[in-house]
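A.B. asks: Have a look at this one before I ask anything.
The values are calculated or read from the model by the stated rules, or taken from the named source; none is laboratory data. On a predicted model such as this, the values are computed, not experimentally measured, just so you know. Ideal geometry is used to build each Cβ from the backbone, glycine not excepted, and the neighbour counts take in all protein chains shown.
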Amino acid sequence: MNINKNINSISLKDYAEESYLNYSMYVILDRALPHIGDGMKPVQRRILYAMSELGLNAGSKYKKSARTVGDVIGKFHPHGDSAAYEAMVLMAQHFSFRYPLVDGQGNWGTQDDPKSFAAMRYTESKLTGFADLLLSELKLGTVDWQPNFDGSLLEPTLLPAKIPSILLNGTTGIAVGMATDIPSHNINEVLDAAIHVLDNPKATTKDLLKYIQGPDFSNPAPIIVSPEELQEMYETGRGGFKVRAYWEVEGNDIIVRALPHQASGSKILEQIADQMQKKKLPMVVDLRDEGDHKEPVRLVISLKSNRINAAEVMNHLYATTDLQKNYRVNINLISLKGSPRVFALKDLIAEWLKFRQQTVLRKLEHRLDQVDDRIHVLEGLLIVYLDLDKVIRIIRNSDDPKKELIKTFKISEIQTNAILEIRLRQLAKLEQIKLEEEKGELELERAELEKIIKSKARLKTYIKKELKDIKEKFGDERNSPIESSSDAKAFSEEEMVTSEAVTIILSKAGWIRSAKGHDVEANNLAYRGDDKLKHFAKGRNNQTAIFFDSGGKAYSLQAHSLPSARGMGEPLTGRIVSESGVTFEGVAIGTYESKILISNTAGFGFISNLSNAISNQKKGKQFMRTPEGANVISPVAINENHKFVAASFTSVDTKKRVSYKLLIFPIEELPVLPKGKGNKLINISTKAFKEKSEFMMDVCCLAEDSKLHIHHDGKTGGKIWSLSELKNYISSRAKRGRVLPEGYKGTILLEEIEKSKDAVPE
């Protein structure tokens, strides 16, 4: 068998690797990733160039899209017509491109269904005025040209973009082993940032964020991202953000007027309807799409009543539907070096400005060459007028007038040709004046061009003026507000529970139960053996009940899950994991914003929102740090009417005599903390506390018109006092208070008697 020795053999492994690498680079460079210069993928660039060659500028008449697509695939892009047309449609959709490059007439799809556009034989198109910013300098020597796929034509390798198009319209693309996801931005903000980088090449990302607030889409749907996330995203070129629907409330209806970028309204309606069918949205009674031509997006979500918190409903829908969408950011572009790179914002703008400087230099040099050539011709033409008769005589009598003119006047062939092409009517004196004026103007232009080309500062000023002119002509206001918001949260099973009044009861032995209503006599309920009431709190059964142990830990249980008060309840330890030796001292329930006063026997305390005590852990969370030997006192619910804090405690004087004291101080003197040790409510001696001779027994909060029932272990059981009667006990926080009247002894407990209630002493 004869083997051709000119054939080189390679292993299958090497062949596969080389083929895959070639394919990968083709996909990366020629299909998926845009170039930083013009922000275009090859197919987009070819569409715009083909449309410009067809004369489909902004001022022209519309032409069938099929004609454009035919030119694109026939001359420049040998792929399927559907792929080329879809790329063209994308550039025409105002909800896809922040600044559309194609002006379409006909059905070009809707935001609800972007792919519902009509076939290309039915639609018509031309370029927008904005596209001119990418194409206007194409024939001015600004770009390199390359043969098309069959070598019959030339096409531009890049478009001479006057703006950083990739930031303005953004893009998405999946290559081999990499992808790009770049959001759109506002042109005013981007151009201001570019001008700033021109003036300050060492500008930081933080500096640029003074101009660029963040991404900007074509509708007012807010972008949810924190300043820290935004800075990291632009510093690394990678990150993400959320976009939420824009909505308003009208009566019992939530009106959604703008959806996240490229979100489908019909899909969102299906998602909400599915939840309604599964009884996961009992507060929603109706759902409608009222969108029309004038108002494309108008989704109506009808609530049961105006008492339902619309923001909470939307927060749930953000978490469970496309009313909130996540967007990835990966600023991956083909750099000026021709290789893919992930750009930080500052680097992207700086690299584009480098491209723009190169483009402008080429344009100016091209124009300078044109000016030089024209001046050269004009200099030759003016010779005609200096010795017109001699020129005419040479042309009439010479066998080779061209050669004779060159020899006689020592002019170039180009000048000679121009002279020989002069018409007789151009020999008038007026024409000579016009040529001299033109030559003078061109000489001034040449001098100006040479100054700009030779000076980096003048070149920057030239580009800066261009950008300012573009901003004045095409600038617009931002559409998408930037908001820093909490994460969306779906309704829990508990939040779906119908709101009912309940009283949560905690016994001294740590047994818990829930009684319906707020008119519950907790003391009169039946308890196991010697057990009795420790503490109770009033709230709603769709709220979270929080139990506090003696060591300062807080444990959370859903109120609706607690056993009924018809029975004895069940031990709290069966629901949670507590430390050995602790006792349960109190319970609190309310909204997340409800405030409580938490304190301990060492005399420390603080005010906090109830939400700060909530924990999803069975083992609870450390809410209050208690000194050694101190126990937490039952929490006190605070309302807007409370102006004072009352505290009872034991005191030891210099003669070691124990007395019972009371201190009342303004509630505003207490700090509001998320958790911690707190501040001193009363001044208890550390030594005396360790010896257990001084300690705080109880606290309560008072309104200006409420009374204080001081319970004690004496025969009288206690007395009800008005604040005017207790004025001597009112002082500042952390004082020692005053001794209670004789007869008060044992455990001094405090109870607020509200003005509206008729209280009877125990």
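A.B. asks: For region 656-667, indicate whether the set of residues that are modelled with pLDDT under 95, among the hydroxyl-bearing types (Ser, Thr, Tyr) and over 30 Å from Glu742 (Cα atoms) is non-empty.
C.D. replies: no
A.B. asks: Filter region 366-395 for residues that are in contact with a Pro (Cβ under 7 Å, 6 or more places away or on another chain) and surrounded by fewer than 17 Cβ atoms within 10 Å (Cβ to Cβ) and give the result. Working first, answer last.
C.D. replies: Filtering region 366-395 down to residues in contact with a Pro (Cβ under 7 Å, 6 or more places away or on another chain) leaves 394-395.
The answer is Ile395, and nothing else.
A.B. asks: To continue, here is another question. So, in region 682-721, how many residues would count as being within 52 Å of the chain's Cα centre (by Cα) and of a type in the set (S, T, N, Q)?
C.D. replies: Residues meeting the conditions: 3.
A.B. asks: Also: In this structure, is Val587 closer than 24 Å to Thr626 by Cβ, aliphatic (A, V, I, L, M) and out of contact with any Phe, Trp or Tyr (no Cβ under 8 Å at 6 or more places or on another chain)?
C.D. replies: Numbers: closer than 24 Å to Thr626 by Cβ: yes; aliphatic (A, V, I, L, M): yes; out of contact with any Phe, Trp or Tyr (no Cβ under 8 Å at 6 or more places or on another chain): no.
Against the criterion (closer than 24 Å to Thr626 by Cβ, aliphatic (A, V, I, L, M) and out of contact with any Phe, Trp or Tyr (no Cβ under 8 Å at 6 or more places or on another chain)), Val587 does not qualify.
A.B. asks: Next up: Just to be sure, is Ser556 in the same structural domain as Thr583 (by TED's automatic domain parsing) and at pLDDT below 90? Outline the logic, then answer.
C.D. replies: Details: in the same structural domain as Thr583 (by TED's automatic domain parsing): yes; at pLDDT below 90: no.
Taking the combined requirement at face value, the residue does not satisfy it.
A.B. asks: Among the numbered criteria (1) at pLDDT below 95; (2) outside any loop (DSSP other than H, G, I, E, B); (3) surrounded by 15 or more Cβ atoms within 10 Å (Cβ to Cβ), which single criterion is violated by Tyr527?
C.D. replies: For Tyr527, the exception is condition (2).
A.B. asks: Pairs, please: C-beta under 7 Å, at least 6 apart or cross-chain, first residue within 14 Å of Leu382 (Cα to Cα) and in region 396-417, second outside any helix (DSSP H, G or I)?
C.D. replies: Leu405/Ile411
A.B. asks: How many of the residues making up region 128-146 are in contact (Cβ under 8 Å) with a residue 60 or more places away in the chain and either assigned to a loop (DSSP other than H, G, I, E, B) or of a type in the set (D, E, K, R) (or both)? Break it down into steps so the answer makes sense when it comes.
C.D. replies: Residues of region 128-146 that are in contact (Cβ under 8 Å) with a residue 60 or more places away in the chain, as a first pass: 128-135, 137-138, 140-143.
Narrowing the set further to residues that are either assigned to a loop (DSSP other than H, G, I, E, B) or of a type in the set (D, E, K, R) (or both) leaves 128-132, 137-138, 140-143.
So the count comes out to 11.
A.B. asks: In the list Lys337, Lys363, Lys354, Lys346, which residue meets the criterion of being at pLDDT 95 or above, closer than 30 Å to Leu138 by Cβ and surrounded by fewer than 15 Cβ atoms within 10 Å (Cβ to Cβ)?
C.D. replies: Selected residue: Lys354, the only one of Lys337, Lys363, Lys354, Lys346 that is at pLDDT 95 or above, closer than 30 Å to Leu138 by Cβ and surrounded by fewer than 15 Cβ atoms within 10 Å (Cβ to Cβ).
A.B. asks: Return the pair list, or none, for Cβ contacts closer than 7 Å from residues in region 455-480 that are more than 22 Å from Arg98 (Cβ to Cβ) to residues that are polar (S, T, N, Q), at least 6 apart or on different chains.
C.D. replies: Leu459/Gln357; Ile463/Gln357
A.B. asks: Would you be able to say whether some residue in region 110-121 is closer than 30 Å to Ala258 by Cα and over 34 Å from the mean Cα position of the chain (by Cα)? Steps first, answer last, please.
C.D. replies: Taking region 110-121 first, the residues closer than 30 Å to Ala258 by Cα are 110-120.
In the following step, the residues that additionally are over 34 Å from the mean Cα position of the chain (by Cα) were identified as 119-120.
The answer is yes, given that some residue of region 110-121 is closer than 30 Å to Ala258 by Cα and over 34 Å from the mean Cα position of the chain (by Cα).
A.B. asks: Please go through region 165-201 and pick out each residue that is free of Cβ contacts under 8 Å to residues at least 60 places away in the same chain and within 16 Å of Asn332 (Cβ to Cβ).
C.D. replies: Thr172
A.B. asks: Here is a follow-up. Scanning for something exposed (fewer than 13 other Cβ atoms within 10 Å of the Cβ) and either over 27 Å from the mean Cα position of the chain (by Cα) or closer than 19 Å to Asp113 by Cα (or both), does region 297-304 turn up at least one residue? Walk me through how you get there before you give the answer.
C.D. replies: At the first step, the residues of region 297-304 found to be exposed (fewer than 13 other Cβ atoms within 10 Å of the Cβ) are 304.
Subsequent filtering for residues that are either over 27 Å from the mean Cα position of the chain (by Cα) or closer than 19 Å to Asp113 by Cα (or both) retains 304.
Yes: one or more hits.
A.B. asks: If you don't mind, there's one more thing I want to ask. Going through region 562-606 one residue at a time, which ones are farther than 14 Å from Phe547 by Cα, among the hydrophobic types (A, V, I, L, M, F, W, C) and touching a residue at least 60 places away in the same chain (Cβ under 8 Å)?
C.D. replies: Matches in region 562-606: Ala565, Ala602, Phe604, Phe606.
A.B. asks: Answer yes if at least one residue in region 625-633 is touching a helix residue (DSSP H, G or I) at 6+ places or on another chain (Cβ under 6 Å), surrounded by fewer than 22 Cβ atoms within 10 Å (Cβ to Cβ) and under 20 Å from Glu694 (Cβ atoms), and no otherwise. Give the derivation first.
C.D. replies: Start the filter on region 625-633 by keeping residues that are touching a helix residue (DSSP H, G or I) at 6+ places or on another chain (Cβ under 6 Å), which leaves none.
No: zero hits.
A.B. asks: Residues to consider are Ser60, Ser125, Ser96; find the one that is among the small types (Gly, Ala, Ser) and in a strand (DSSP E or B). Before you say what the answer is, go through the steps one by one.
C.D. replies: Working: Ser60 fails: in a strand (DSSP E or B); Ser96 fails: in a strand (DSSP E or B).
So the residue among Ser60, Ser125, Ser96 that is among the small types (Gly, Ala, Ser) and in a strand (DSSP E or B) is Ser125.
A.B. asks: Considering only region 249-256, I want to know if a residue exists there that is under 19 Å from Gln93 (Cβ atoms) and out of contact with any strand residue (DSSP E or B) (no Cβ under 8 Å at 6 or more places or on another chain).
C.D. replies: The first filter runs over region 249-256 and keeps only residues under 19 Å from Gln93 (Cβ atoms), leaving none.
No - not one qualifying residue is present in region 249-256.
A.B. asks: Right, something else. What single numbered condition from (1) surrounded by fewer than 16 Cβ atoms within 10 Å (Cβ to Cβ); (2) more than 30 Å from Ser564 (Cα to Cα); (3) of a type in the set (D, E, K, R) fails to hold for Glu466?
C.D. replies: The one condition Glu466 does not meet is (1).
A.B. asks: Further question: The conditions are (1) at negative phi; (2) of a type in the set (Gly, Ala, Ser); (3) in contact with a Phe, Trp or Tyr (Cβ under 7 Å, 6 or more places away or on another chain), and Ser266 fails exactly one of them. Which is it?
C.D. replies: It fails just one condition, (3).
A.B. asks: Go over the candidates Gly237, Gly265 one by one and state the one that is farther than 16 Å from Thr320 by Cα and small (Gly, Ala, Ser). Even if it seems obvious, please write down each step before you answer.
C.D. replies: Working: Gly265 fails: farther than 16 Å from Thr320 by Cα.
Exactly one residue qualifies, and that residue is Gly237.
Residue by residue, here is whether (1) under 30 Å from Leu158 (Cβ atoms); (2) assigned to a helix (DSSP H, G or I); (3) touching a Lys or Arg at 6+ places or on another chain (Cβ under 9 Å) holds:
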site: Leu281; (1), (2), (3): no, no, no
site: Pro296; (1), (2), (3): no, no, no
site: Ile301; (1), (2), (3): no, no, yes
site: Asn306; (1), (2), (3): no, no, no
site: Met314; (1), (2), (3): no, yes, yes
site: Lys325; (1), (2), (3): no, no, yes
site: Ala350; (1), (2), (3): yes, yes, no
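A.B. asks: Kindly indicate whether Glu669 is closer than 30 Å to Gly574 by Cα, acidic (Asp, Glu) and surrounded by fewer than 17 Cβ atoms within 10 Å (Cβ to Cβ).
C.D. replies: On the way: closer than 30 Å to Gly574 by Cα: no; acidic (Asp, Glu): yes; surrounded by fewer than 17 Cβ atoms within 10 Å (Cβ to Cβ): yes.
Taking the combined requirement at face value, the residue does not satisfy it.
A.B. asks: If Glu725 satisfies every condition in (1) in a loop (DSSP other than H, G, I, E, B); (2) farther than 26 Å from Lys534 by Cβ; (3) at pLDDT below 90 but one, which is the exception?
C.D. replies: (3)
A.B. asks: Quick test of your reading of the structure: Glu450 fulfils all but one of (1) at pLDDT below 90; (2) touching a Leu at 6+ places or on another chain (Cβ under 8 Å). Name the failing condition by number.
C.D. replies: (1)
A.B. asks: What's the number of the only condition in (1) outside any strand (DSSP E or B); (2) in contact (Cβ under 8 Å) with a residue 24 or more places away in the chain that Glu228 fails to meet?
C.D. replies: (2)
A.B. asks: Considering only residues that are more than 16 Å from Pro481 (Cα to Cα) and outside any strand (DSSP E or B), which ones fall in region 231-253?
C.D. replies: Correct list: Gln231, Glu232, Met233, Tyr234, Glu235, Thr236, Gly237, Gly251, Asn252.
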